[in-house]
Amino acid sequence: MNKVLMQGNKIIGEAAIRAGCRFYAGYPITPQNEIPEYMSERLRQEEGGVFIQSESEVAAIHMVIGASAAGARAMTSSSSPGISLKQEGISSMAACELPAVIINMMRGGPGLGNISAAQGDYFQATKGGGHGDYRIIVLGPDSAQELADLTMEAFDLADRYRTPVMILADGMMGQMMEPVIFKTPKPRDYPESFIMKGAGAGKSKIIRGLILDPLDMEEHNWTLDRKYQVIAQNETRHELYKADDAELILVAYGTGARIAKGAIKRLRDLGLRAGLFRPITLWPFPTNELRDLAKKIENFLVFEMSTGKMVEDVRLAIQGRARIGFHGRPGGVVPTPVELANVVMRKYDRKEGIIDHY
Amino acid sequence: MMVKTIFSGFGGQGVLMMGYALAHGAMSAGYHVTFLPAYGAEVRGGTANCTVAVSDDEIASPIASKPDNIVVLNAPSLLTFQNRLAPGGALFLNSSIIAVEPSRHDVRIFKIPSSELAEKLGNPRTANTVMMGAFLKITGLVPPDIFLSSMETVMGSKKKSVIEINHKAFAAGYEFLKIAE
Amino acid sequence: MMKKVFGRPRSMKKNIFHYCAGCGHSIAHRLIAEVIDELDIRGITIGIPPAGCAVLAYNYFDVDMIEAQHGRGPATATGIKRVLPDRIVFSYQGDGDLAAIGIAESFHAANRGENITVVFINNAVYGMTGGQMAPTSMLGQKTTTSPVGRDIVLDGYPIQVSEIFSLLPGTAYIERCTVNSPASILKTRKAIRKAFQYQIDGLGFSLVEILSPCPTNWKMTPIESCRWIDEVMSKSFPLGVLKDLPAAEQKQKRGEQTP
């Protein structure tokens, strides 16, 4: 297989095309502009490919809804402020059980914030984002290779569970070039019966999320929830790095996890046996796996490029079974592995364990 | 081994191309590599820069807070980046258009009149390739033949004349430092 | 044997309309269903109901239908039509849906010349939410959010969607009709048929605006409502064909042929 050097945003585009994505609608926003640019060129070359530069993020997500209902593998992408605008449609897709892939190349926020890499959208992505009682699958790649692999997998997951799937990466992942190998995607397996294409001679179909009777709506909510439980059971992914002999575990995802890996090498050079727990699915969060780790390891330190969001999921998972520290760099600051290593050394006392005033 | 290099200059001087070609060459030579361009509104019409990390192990951060090398093609870039250079690092500057002297005395400084050398070859736009010849001569990060074939790949040009002039430019930079030493 | 001269259109479900007495929605629904039958496109038609009184339109139309969030119908329609260009896609929208919260989606779908049909019900008021001011409310019209009447200074002017959209080069056919009399209903039926036919012919964006009575929120009897459309509403929203690009082109061609 061919290894190529590609920019993150373009990797997502190429992986999507290879996975059979034939519909993209989006609105330019830095730092992910290369995705719509790439899709405009590639979809032009594909049989049945549709690219639309929409008038807004809102329009884009609703175009994706239409395309998804009509049976296309569909995708939209944006960065933080644009993802806020898309929430109406994401909630609608969850309600109507429509598959689609949404890319968020996070930037600094709140508000317009800036265009640097940040991880402040964790709650928005994993805790619903839009209104109502729903979940979406959220994947947090940490390398060019995972951008490709997880984008392809996102389409499969979206189809399998008929749900929106979000790739949660950041501006640095989008702009960075790294070698990547595109794997062969699985063939699409999506029942015709879900596709809206006109009733033909048969019975007409309705796709809707409006359910006026509270008891019926409740039943729909529980149906969705049962699906989310199946997803949580079957689709949770994480990576352990140098965790076997670790006395301290860093918990980080995406770009944060890359920095943490660098810090861990330094810490080990300094004699501190540190390891990494990296959630790959941010929802479903690898709760049980983290809890199991807390049975044998007493000290955890969560690192995020935010003021602390995922740390709450870590606390929920560990439930007081271990000490949990936190280090955050919000606002688009990407700290060096050296800084993170120094912070860990400062916060970790071999006798006392993690000392954190957060 | 982990080597991080920042390339910087005016937009249009081929700064991103230098980094991209180096990154591609390093990948071809079997290294882990990242290439990170500066992006967004602040780079329009001003300076462009990119960071290339080359390592024989996984690369944690593609950002260089203390780069091992900096390659600057204009004076503003020198002023912006010289203080970040790691002590003992290598500073490559385009002496054809940078009149200011570097303020660092704890680094190795290589002055290459890359614009003049390129002009002598008949194509001033190859000043970046001249610089890469000098850069690879000193750092030895990627063997010249691998780099040159990577450059052809990333430039995407099949024109023989373009390839030839770039080979000459690379050689001029490579030879220049041999003479100077 | 007797000949059947009137019946339920095949493209309508056997459900009883929930609309108020004298409301224009049920007439508009029926006209659309009749046209779908007549053009024999039931099996390839996909409809999009709005948010508003007609949110449950899928309970009446016996064609495939997908709900859209408030105002987003034309965006959803765009997604469907681009993926399935040989299907007939229509979006059914009220004045709040089209001219307020969804003006951007509607305007840009029209400007892109999406080959879809929009049926635009203009009743100058927000029906489902209880009679609040609409972007198309008349100047001076009292609503639950304009208790002393729509005021230019506070609220601006009634938006003339059809006039504005007819300026867009992407639109093929735009007509404003009403359903306040048997004659006007027949005219509206023709307009809807033309709009769908143009879509079948691939001519681009078509829109039929229907001035539609809302006796409940206008606080009038159905008869007064029908009169109010003639006497008040159609003064701000003149009836007629605002754009018929194919017809205009035909005329031009014929003009060139005759010396």
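The values are calculated or read from the model by the stated rules, or taken from the named source; none is laboratory data. Predicted, not measured: the structure shown is a model, and the values here were computed from it. Backbone-built Cβ (ideal geometry, glycine too); neighbour counts: all protein chains shown. Ligands, DNA and RNA are stripped out before the accessible areas are found, and what is left, the full protein with its side chains, is counted by its heavy atoms. Shrake-Rupley method; radii C 1.70, N 1.55, O 1.52, S 1.80 Å.
Residues being open to solvent by 40 Å² or more (accessible area, probe 1.4 Å) and under 16 Å from the mean Cα position of the chain (by Cα): count how many of those fall in the stretch C:108-138.
So the answer is 1.
Looking at the stretch A:332-355 only, could you name the residues that are on the phi < 0 side of the Ramachandran plot and either loosely packed, with under 15 Cβ neighbours inside 10 Å or among the small types (Gly, Ala, Ser) (or both)?
A:VAL333, A:ALA341, A:ARG346, A:ASP349, A:ARG350, A:LYS351, A:GLU352, A:ILE355
I want to confirm something. Restricting to the stretch A:20-32 and keeping residues that are open to solvent by 10 Å² or more (accessible area, probe 1.4 Å) and not in a strand (DSSP E or B), which single residue is nearest to the other protein chains (Cβ to nearest Cβ)?
That would be A:THR30.
Filter the stretch A:186-241 for residues that are over 23 Å from C:SER11 (Cα atoms) and among the basic types (Lys, Arg) and give the result.
A:LYS186, A:ARG188, A:ARG226, A:LYS227, A:ARG237, listed by residue number.
Only one of (1) assigned to a helix (DSSP H, G or I); (2) within 11 Å of chain A (Cβ to nearest Cβ) is not met by C:ILE32, so which one is it?
Checking C:ILE32 against (1) assigned to a helix (DSSP H, G or I); (2) within 11 Å of chain A (Cβ to nearest Cβ), the one that fails is (2).
I need the full set of residues from the stretch A:114-170 which are assigned to a loop (DSSP other than H, G, I, E, B), among the aliphatic types (A, V, I, L, M) and within 26 Å of A:ALA72 (Cβ to Cβ), in order please.
Within the stretch A:114-170, A:ILE136 is the sole residue that qualifies.
Could you check the stretch A:246-344 for strands (runs of 3 or more DSSP E) lying wholly inside it with 2 or more residues that are within 14 Å of chain B (Cβ to nearest Cβ)?
Those strands (runs of 3 or more DSSP E) span A:274-279.
Can you give me the number of residues within the stretch C:139-156 that are open to solvent by less than 70 Å² (accessible area, probe 1.4 Å), touching a strand residue (DSSP E or B) at 6+ places or on another chain (Cβ under 8 Å) and outside any helix (DSSP H, G or I)?
Summing the residues that are open to solvent by less than 70 Å² (accessible area, probe 1.4 Å), touching a strand residue (DSSP E or B) at 6+ places or on another chain (Cβ under 8 Å) and outside any helix (DSSP H, G or I) in the stretch C:139-156 gives 4.
Just checking, does the stretch A:184-205 include any residue being of a type outside the set (Asp, Glu), within 20 Å of the chain's Cα centre (by Cα), outside any strand (DSSP E or B) and under 23 Å from A:SER79 (Cα atoms)?
Looking for residues that are of a type outside the set (Asp, Glu), within 20 Å of the chain's Cα centre (by Cα), outside any strand (DSSP E or B) and under 23 Å from A:SER79 (Cα atoms), one finds none in the stretch A:184-205, hence no.
What strands (runs of 3 or more DSSP E) completely inside the stretch B:64-181 contain at least 3 residues that are under 29 Å from B:GLY30 (Cβ atoms) and either open to solvent by 70 Å² or more (accessible area, probe 1.4 Å) or in contact with a strand residue (DSSP E or B) (Cβ under 6 Å, 6 or more places away or on another chain) (or both)?
Counting at least 3 such residues, we get B:69-72, B:90-94.
Could you say which residue among B:SER28, B:SER61, B:SER55 is more than 14 Å from the chain's Cα centre (by Cα), of a type in the set (Gly, Ala, Ser) and open to solvent by 10 Å² or more (accessible area, probe 1.4 Å)?
Sole residue among the options that is more than 14 Å from the chain's Cα centre (by Cα), of a type in the set (Gly, Ala, Ser) and open to solvent by 10 Å² or more (accessible area, probe 1.4 Å): B:SER28.
Against the condition aliphatic (A, V, I, L, M), touching a residue at least 60 places away in the same chain (Cβ under 8 Å) and in a loop (DSSP other than H, G, I, E, B), how does A:MET173 come out, does it pass?
Here the answer is no, as A:MET173 does not meet what is asked.
Would you mind stating whether A:LEU276 is over 27 Å from A:GLY128 (Cβ atoms) and either without any contact (Cβ under 8 Å) to a residue 40 or more places away in the chain or under 18 Å from the mean Cα position of the chain (by Cα) (or both)?
Here the answer is yes, as A:LEU276 does meet what is asked.
Which one of these does C:GLU105 not meet: (1) assigned to a helix (DSSP H, G or I); (2) open to solvent by less than 20 Å² (accessible area, probe 1.4 Å); (3) within 14 Å of chain A (Cβ to nearest Cβ); (4) touching a residue at least 40 places away in the same chain (Cβ under 8 Å)?
Looking at each condition in turn, C:GLU105 falls short on (4).
I'd like to verify a number: residues in the stretch A:134-153 that are farther than 22 Å from A:GLN87 by Cβ and either among the acidic types (Asp, Glu) or open to solvent by 20 Å² or more (accessible area, probe 1.4 Å) (or both), how many?
6
Give me a count of the residues in the stretch C:19-29 that are in contact (Cβ under 8 Å) with a residue 40 or more places away in the chain and either part of a loop (DSSP other than H, G, I, E, B) or in contact with a Lys or Arg (Cβ under 6 Å, 6 or more places away or on another chain) (or both).
Qualifying residue count for the region: 5.
Working only within the stretch C:73-87, note down all residues that are more than 16 Å from the chain's Cα centre (by Cα), more than 7 Å from chain A (Cβ to nearest Cβ) and not charged (D, E, K, R).
C:PRO85
Considering the stretch C:88-102 alone, what residues qualify as being open to solvent by 10 Å² or more (accessible area, probe 1.4 Å) and either within 9 Å of chain A (Cβ to nearest Cβ) or outside any helix (DSSP H, G or I) (or both)?
Of everything in the stretch C:88-102, just one residue is open to solvent by 10 Å² or more (accessible area, probe 1.4 Å) and either within 9 Å of chain A (Cβ to nearest Cβ) or outside any helix (DSSP H, G or I) (or both), namely C:GLY94.
Within the stretch B:2-19, work out how many residues are touching a residue at least 60 places away in the same chain (Cβ under 8 Å), buried (at least 24 other Cβ atoms within 10 Å of the Cβ) and either outside any strand (DSSP E or B) or among the acidic types (Asp, Glu) (or both).
So the count comes out to 3.
Tell me yes or no: at least one residue of the stretch A:196-204 is at negative phi and touching a residue at least 24 places away in the same chain (Cβ under 8 Å).
yes
How many of the residues in the stretch C:39-81 are free of Cβ contacts under 8 Å to residues at least 60 places away in the same chain and assigned to a helix (DSSP H, G or I)?
Looking only at that region, the number is 16.
Could you tell me which numbered condition C:GLY52 fails, if it satisfies all but one of (1) at pLDDT 95 or above; (2) touching a strand residue (DSSP E or B) at 6+ places or on another chain (Cβ under 9 Å)?
Against the list (1) at pLDDT 95 or above; (2) touching a strand residue (DSSP E or B) at 6+ places or on another chain (Cβ under 9 Å), C:GLY52 comes up short only on (1).
Kindly indicate whether any position in the stretch C:210-224 is of a type in the set (Gly, Ala, Ser), open to solvent by less than 30 Å² (accessible area, probe 1.4 Å) and either touching a helix residue (DSSP H, G or I) at 6+ places or on another chain (Cβ under 7 Å) or not in a helix (DSSP H, G or I) (or both).
Looking for residues that are of a type in the set (Gly, Ala, Ser), open to solvent by less than 30 Å² (accessible area, probe 1.4 Å) and either touching a helix residue (DSSP H, G or I) at 6+ places or on another chain (Cβ under 7 Å) or not in a helix (DSSP H, G or I) (or both), one finds at least one in the stretch C:210-224, hence yes.
Report, by residue number, each residue of the stretch A:76-91 that is in contact with a helix residue (DSSP H, G or I) (Cβ under 6 Å, 6 or more places away or on another chain) and either within 14 Å of chain C (Cβ to nearest Cβ) or outside any helix (DSSP H, G or I) (or both).
A:THR76, A:SER77, A:SER78, A:LEU85, A:LYS86, A:GLY89
Applying the selection to the stretch C:118-138, what residues are free of Cβ contacts under 8 Å to residues at least 60 places away in the same chain and part of a strand (DSSP E or B)?
Scanning the stretch C:118-138 gives C:GLN132, C:MET133.
Output the residue which, of all residues in the stretch A:154-180 that are of a type in the set (Asp, Glu) and crowded, with 24+ Cβ neighbours inside 10 Å, is farthest from A:ILE231 (Cα to Cα).
The residue in question is A:GLU178.
Does A:SER40 satisfy being crowded, with 19+ Cβ neighbours inside 10 Å and not aliphatic (A, V, I, L, M)?
No, not satisfied.
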